[in-house]
Amino acid sequence: KKEETNSYNPTLRPWYKLATSSTNSIKTDPYKFSHIDTFGITYSKELENSKNVVSIDVLVDDFKTIFNNFVDINYMDIFLINKSGFTISSLTKNSNILNDFLKNNQNFDDFENAKTISIQDKKYIVQVNKVKNLSDDSLLILFTDYKKAMEPYNAQTYELIALFLLSGLIM
């Protein structure tokens, strides 16, 4: 066991103050950690009538791990942004698609259901989902390359047409 003195006072931290002034759990905006080279989000909740706060830090890299398990990065990309447009996390380091999308589209309600649009002379299927949090509304934006997403369906269609023509010739 090693004890070191330090000047860290959690009661002065923004997440502590927010948690003690709220009856619900709170979530901070993404911020850069001072001791590691990454961004994080803190979730906090005051224990009932105690002025004691329980908090957990979530690293942005954890979001990337979750995204990688559910998104095929060969033809899809996903961005988690806050309402001011700050990218919390993404699967790619290239944010040109996102920047062009944000520049030309202000009403995200239009993309609640997937919609096909052109960005940088390429067709994408785009869907925007609101991620409701207690202190902020974040957006999850999914971009899918239209051509690559349609390839399996096109191949299946061609197989069915070939089978129909072959059946017609045999008959």
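Readers should treat all values here as calculations from the given coordinates under stated rules, not as data from a laboratory. Everything quoted here is computed from the prediction, not taken from an experiment. Glycine also receives a Cβ, built like all others from the backbone with ideal geometry; neighbour counts cover every protein chain displayed.
Tabulated data for the structure shown
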read-out	value
Inter-label distance, nm, simple model (7 Å from Cα along the C-beta direction), residue 11/residue 36	2.8
Listed candidates (i) 1.18; (ii) 0.97; (iii) 0.93 - label of the one calculated as Rg/Rh (Cα atoms, Kirkwood Rh)	(i)
At R0 = 25 Å, FRET efficiency that the Cβ-Cβ distance of residue 62 and residue 83 yields, to 0.05	0.75
Between helix 146-170 and the chain: long-axis angle, C-alpha atoms, 0 to 90°, nearest 10	30
Listed residue pairs exceeding 26 Å between alpha carbons, taken from 2/27; 103/130; 115/148	2/27
Enclosed volume per residue, in Å³, of the convex hull spanned by Cα atoms of the stretch 107-171	114
Cα-centred dipole magnitude for the chain, charges only on beta-carbon of K, R (+1) and D, E (-1), debye, nearest 20	320
